[in-house]
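A quick write-up on the structure given underneath.
No lab work stands behind these numbers, since they all come straight from the coordinates. Just so we're clear, the structure is a prediction, and the values are computed from it rather than from any experiment. Cβ placement follows ideal geometry from the backbone for every residue including glycine, while neighbour counts extend to all protein chains displayed.
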Amino acid sequence: MAKVKKILMLIENMPAPLDRRVWPEAIALRNHGFQVSIICPKGSTQYQESYICIENIHIYRYQLPEAGHKYIGYIMEYGLAMLMTFYLSFKVLFRHGFDVIHAANPPDVFFMLGLFYRLFGKKFVFDQHDLTPEMFQVMSKNRMKPLYKLLLFLERCTYRTAHLVIAAN
């Protein structure tokens, strides 16, 4: 992965710079000479700007819907997050460019962007923050086995798509 100079970081569960795991990574990458862009959701009361540059890190944000029914809400949220992230990735590509997509989970669906951008020679790094299928299994009290199996499948797809997997925990 030599000559990588531009990183696109993807977050789905909170806005940057509020994310205490991704923001320090973005700062460290910037401090080592990388150009960093982040795509993430807007906050509910703060971090409402669609675009802002903070500490020389470009941040693109999208609005997520209010959560409704627990499981249907997750599906709608992740589906919209994928669409908006895909759309905003084009903006980042044409405005700043990127060599690597660095995707943090949950959810484990950003591998689809990694697969798409492989066609253009981009690398995909998966930063596994949480064991999403196992967290879901505990939250659902093991009642939704088909959805659990789907999450395992998505996690496997993410591993297979990634050029590199980071697991801090």
*Output the pairs from LYS42/LYS123; LYS91/LYS145; LYS5/LYS42; LYS6/LYS145 with a Cα-Cα distance over 31 Å in this structure; if there are none, say none.*
LYS91/LYS145; LYS6/LYS145
*Per residue of the range 38-53, in order, report the coupling 6.51 cos²θ - 1.76 cosθ + 1.60 (Karplus, θ = phi - 60°) as ³J(HN,Hα) in whole Hz, putting x for Gly and Pro.*
10, 10, 7, x, 6, x, 6, 10, 10, 6, 8, 5, 6, 9, 7, 10
*Tabulate in residue order the Karplus-calculated ³J(HN,Hα) for the range 25-33, using 6.51 cos²θ - 1.76 cosθ + 1.60 with θ = phi - 60°, rounded to whole Hz; enter x for Gly and Pro.*
5, 4, 4, 4, 4, 4, 5, 9, x
_Can you tally the net charge around ILE101? Count Lys and Arg as +1, Asp and Glu as -1, for every other residue whose Cβ sits under 11 Å from the Cβ of ILE101._
+2
*Hey, what do the phi angles of the range 87-104 turn into as Karplus ³J(HN,Hα) couplings, whole Hz, using 6.51/-1.76/1.60 and θ = phi - 60°, x for Gly and Pro?*
4, 5, 5, 5, 4, 5, 4, 7, 7, 10, x, 7, 9, 9, 9, 10, 9, 9
